[in-house]
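Worksheet for the structure shown next.
A short reminder: the numbers here are calculations on the coordinates, not readings from a lab. Being a predicted model, the structure only gives us computed values, none of them experimental. Using ideal geometry, Cβ is built from the backbone for each residue, glycine included, and neighbour counts are taken over all protein chains shown.
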Amino acid sequence: MTPRATNADSSAAKLVELRDAVRDADVKAVRDIVTSSGFFAPHEIDVAGELVVERLARGAASGYHFIFADADSQPIGYACYGPIGCTVGSFDLYWIAVQAEIRGQGVGRRLLQEVERRVALVGGRRVYIETSSRPLYEPTRHFYERCGYHAEAHLEDFYSLGDAKVVFVKPLDAARLHR
């Protein structure tokens, strides 16, 4: 189980620099971060890297927005999010991941809070996150719950037999996030 951040641990999150500029080297960095988790299959790791490539190729028109957490100028975590087509104010958090040895130190929470802040700044009202129901993802689901998300939907056998999709959602309080 991923350790829960303590007040002392969360100071590590304050030491990272956040950036949204995507660099060529981020393709490998994202693949490395996602691989370090041990959660994802090779084809899923490929998708994580492909989203960075798409952003580099098409810029904001790709619909993929990134926030990187850098320590000593090296990415140690990232989030990828974007607006949901044909909606008004709904956003997906596609990926959020932190290097395995850094987890539990508040970096993921800081990334998620920054996503929420940026979404609210552009008029976003809700953030949706999809994840697996497998036991491996229990710490992930607890992380989302601790961050104020609640499970809105449970789609049985979505990913495979016995592996449901769990959709989390959080309504955003724009006034609170703008501070």
### Task
Starting with the highest mean, order 139-146, 15-22 by the number of other Cβ atoms within 10 Å, averaged over the residues of each peptide.
139-146, 15-22
### Message
Give me the tail of P(r) for segment 9-92 as a percent: Cα-Cα pairs with distance above 22 Å.
### Response
30
### Distance (nanometres) between label positions extended 7 Å along Cα→Cβ at L121 and V169
2.6
### Task
Find how many whole Å separate the alpha carbon centroid of segment 52-75 from the alpha carbon centroid of segment 110-163.
20
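Convex hull over the alpha-carbon atoms of segment 7-177: what's its volume per residue in Å³?
Here the figure is 120 Å³ per residue.
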### Query
Once the other residues with Cβ under 12 Å from the Cβ of P83 are scored (Lys, Arg +1; Asp, Glu -1), what is the net sum?
+2
### Message
Students often check this: by mean Cβ neighbours within 10 Å, which of 41-49, 67-75, 92-100, 27-35 ranks highest, and how do the rest follow?
### Response
92-100, 27-35, 67-75, 41-49
### Task
Before rounding to the nearest 500, sum -39500 (n - 2.57) across all DSSP H runs of length at least 4 in the chain and divide by the residue total; then give [θ] at 222 nm in deg cm²/dmol.
-11000 deg cm²/dmol
### Query
What distance in nm separates the simple spin-label points at A71 and A21, each placed 7 Å from Cα in the Cβ direction?
2.3
### Query
Could you give the nm distance between label points at A60 and E152, where each point is 7 Å from its Cα heading toward the beta carbon?
2.4
